[in-house]
1. Mind giving me the nanometre distance, one decimal, between the label points for Asp67 and Asp258, set 7 Å out from Cα along Cα→Cβ?
2. If packing is taken as the mean number of other Cβ atoms within 10 Å per residue, what is the order of 95-101, 277-283, highest first?
3. Going through the stretch 256-340, which chymotrypsin sites (Phe, Trp or Tyr not before Pro) have at most 15 other Cβ atoms within 10 Å and a DSSP loop state?
4. Mind listing which GluC sites (Glu not before Pro) in the stretch 1-94 are in a DSSP loop and have 15 or fewer other Cβ atoms within 10 Å?
5. Students often forget the sequence filter, so: which lysines lie under 30 Å Cα-Cα from Lys148 once same-chain residues fewer than 8 apart are removed?
6. Which value in nm describes the separation of the simple spin-label points at Glu166 and Ala342, placed 7 Å from the Cα toward the beta carbon?
7. Within the stretch 175-204, name every residue whose backbone N is under 16 Å away from a label modeled 7 Å from Cα of Gln137 along the Cβ vector.
8. Which of these, Ala292, Ala208, Ala49, has the largest mean-square fluctuation under a Gaussian network model of the chain (Cα springs below 10 Å)?
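Values quoted throughout were computed directly from the atomic coordinates according to the rules given, and no laboratory measurement underlies them. Remember, predicted model here, so these are calculated numbers, not experimental data. Every residue, glycine as well, gets a Cβ built from its backbone with ideal geometry; the counts of neighbours run over all protein chains shown.
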Amino acid sequence: MSLAAQIEDEERQDQIRMLIDSAAGIAPRKGEFSRLRGLRFTQPGIDRANWSQIAEMGWLGLRLPEDAGGAGLGALEYAALACEAGAALLPEPFIEAQLAIDMMGAATPASVLTGDEIVLPAWASATDGLDPIGGVQVEGGNRLIGEKRFVPMAEAADRFLVTTGEGLFLVASTDVQIDSNPTQDGGQLAALRFRDSPATPVPGSPGAALEAAALAVSAYLLGAMERSFEITLDYLKTRRQFGRPIGSFQVLQHRAVDLKLQIEITRAVLRDACAAMDDGRNVAAAVSRLKARAGDAAMLVTRQAIQLHGAIGYTDEADIGLFLRKALTIGNRYGSPGWHRARHAELTGED
């Protein structure tokens with residue numbers, strides 16, 4: 001059942017269907033992975049032409065109010081689009097760019113919304129959690145000193161949006177030392193080192209935007225789970241052993257049912273978190289419940305999918321392995337499942 005299936009508002013259902021249709025040309029759910037494979041372990045690791053298409057489709061202004069040049073849509077629409085991106089393993093940093101836009105709000109430069117410029121957020125300094133404050137200090141004359149870590153696809157950025165205790169600052173990528181390391185999915189994570197880097201202050205706030213990014217990554221993981229499960233079902237129907245499809249073996253059917261349950265529960269929790277965010281109630285608790293479940297479920301589903309493929313699933317040539325590598329790379333982004341379980345317990349009083 002899709003995210004939109006239980007929405008009574010028919011107009012909103014239509015909006016979500018249109019968004020999903022728009023993804024077909026950029027992140028096709030049934031597409032092959034030659035483009036992704038061609039970009040893996042390269043610099044900057046994205047296709048700027050594809051990024052221009054993302055901007056033209058209005059994805060980057062999805063959550064901005066209409067009077068700020070955006071579409072003014074809600075969490076459910078954002079999640080639906082992120083889910084499609086996950087099913088296609090979209091390599092472009094759509095969620096990270098949206099995080100920067102969410103932080104800046106109406107102050108977002110027009111060049112970002114048109115796709116002419118990529119601004120990525122540099123907010124993390126700790127190894128886990130959602131604390132955007134540490135790592136960088138502001139010196140006189142708006143010069144930045146310090147380090148931010150775990151910036152995805154940093155080599156693609158024209159500017160970085162840096163979070164500090166004194167607010168948000170835009171810094172040109174040429175004024176930052178970027179130390180990138182490859183990740184298992186073929187992308188990169190970078191440490192950014194600021195050495196008296198000139199910066200421009202910009203209004204905005206990171207708090208609510210980080211919650212939305214955690215929700216979107218959870219939706220991306222759900223899309224990856226759905227697609228890896230679909231690929232696995234197709235394999236079980238076509239791979240034959242002892243004269244019949246291996247999908248007819250009861251033990252494999254039971255395992256497939258267990259994976260389907262994990263996906264459906266994650267989708268239900270995502271739908272609840274979207275409703276909480278759109279209503280502005282208990283957002284942090286709902287997001288933590290979702291992120292903990294999505295991170296764990298994605299690891300379970302993608303690992304089991306490889307096992308159900310047998311030995312071929314462990315080779316790099318098998319597309320199914322791309323999904324596990326993605327889950328390993330982004331499962332802890334915007335807070336690990338363990339961190340979110342602890343936050344949920346603190347917020348709700350539940351163990």
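1. The two pseudo-label positions are separated by 5.4 nm.
2. Averaged packing, sorted descending, gives the order 95-101, 277-283.
3. none
4. Sites meeting the loop and neighbour criteria: Glu8, Glu32.
5. Here the lysines satisfying the reach criterion relative to Lys148 are Lys291, Lys326.
6. Reported label-point gap for Glu166 and Ala342 is 3.1 nm.
7. So the set is 194-197.
8. Comparing Ala292, Ala208, Ala49 in the GNM, the peak value goes to Ala49.
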